[in-house]
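Read the structure below first, then the notes.
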């Protein structure tokens, strides 16, 4: 532990237990421990050192770990994490690129080694090894800055990628202000390159999901990257455009706009069908399974637990589900858990489940007045060319919502 206060943790456990009107025996039963174990903890004879045990005790007492540990008491792993985030903040606060500081006398990583280091950082993120990535990023950001100072044009791609993965990690760490700074840096570095800009906008959407006005930014970026000819579009373009539509849909869902969320996800599903599952173009992991996972998140944001649960139970049976990055699947499972909580039922389909509602959730929009989020994203044959999104006015009015082919970023 680091820090401290005048009340030992054992005394705090006893105080909180009494407040809950629990006897030592009933509290021990909740923990799966003996009454003697509880007594020793409360008297300070047996220390609480393992974070897993502290979390179990806090859960049994129905308090968070911060309350159990005391306001000024933090576990060592939290202190280490905070120190790592502080180092990332310091790296983001350097201005070598702006000031154009000379790199003479400083070793700059060759481009191929820097590319491998960035690839390793993304893989570490997608494998949900966040503590390791916290350790890697400060040094990686410094190397990227130096490479950019030496050759601004050649180093720009590395800068955008480094800021993108940094923003993605900081979102997971619930460091909203720093995540916004990293995403903003990525957007600034990407100006002038539509592919870079679309990739950076994906992370910006993650950061600004709670801001309804961010939807227009996502649509603007999607409009810029959308292929004008469906036959000439590349999987990279479809992946970026579709990912941006998913982000716009989730922003709409959080704002309570179920119709816009459903329309955007339907358009993303059409693009995903062209890309297929098992790809990771521009680190998006975009495909039919990713869109269907987005429908689960949207349903949760709209408060429709039964639909979220029904879609979740379908998508986890798809082959594409197993090809999603670990961090994506983990985030989806958290959303699914929220869906089960909203639905007020266990993880098993029970006799109380409404099969008609489950069918609607999987196969089509909800009836008028419902909170459906569009059709199923299961892969299907592409629409005829005359009805392809690139050859028609999209249902979400990308062309009307954004008056000019540019992104206004502030």
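The values are calculated or read from the model by the stated rules, or taken from the named source; none is laboratory data. Nothing here was measured: the structure is a model prediction, and the numbers come from that model. Methodologically, a virtual Cβ is constructed for each residue, glycine included, from the backbone with ideal geometry; neighbour enumeration extends over all protein chains shown.
What to note about this one:
- Filter pass, residue 174 being assigned by TED's automatic domain parsing to the domain that holds residue 128, outside any helix (DSSP H, G or I) and either touching a strand residue (DSSP E or B) at 6+ places or on another chain (Cβ under 7 Å) or modelled with pLDDT under 95 (or both): yes
- Condition check for residue 345: in the same structural domain as residue 257 (by TED's automatic domain parsing) and either part of a loop (DSSP other than H, G, I, E, B) or modelled with pLDDT of 95 or more (or both): yes
- Long-range neighbours under 7 Å by Cβ, at least six apart or interchain, first residue within 18 Å of residue 55 (Cβ to Cβ) within segment 1-19, second modelled with pLDDT of 60 or more and part of a loop (DSSP other than H, G, I, E, B): 9/48; 10/44; 12/70; 16/63
- Tally of residues being part of a helix (DSSP H, G or I) and under 16 Å from residue 170 (Cβ atoms) across segment 184-220: 11
- Residue 60 being within 27 Å of residue 82 (Cα to Cα) and either assigned to a helix (DSSP H, G or I) or free of Cβ contacts under 8 Å to residues at least 12 places away in the same chain (or both): yes
- Among the residues making up segment 251-282, those that are within 18 Å of the chain's Cα centre (by Cα) and crowded, with 23+ Cβ neighbours inside 10 Å are 251, 252, 253, 261, 265, 268.
- Residue in segment 221-242 that is assigned to a loop (DSSP other than H, G, I, E, B), in contact (Cβ under 8 Å) with a residue 12 or more places away in the chain, more than 19 Å from the chain's Cα centre (by Cα) and surrounded by 24 or more Cβ atoms within 10 Å (Cβ to Cβ) present: yes
- Condition met for residue 125 (farther than 22 Å from residue 330 by Cα and in a helix (DSSP H, G or I)): no
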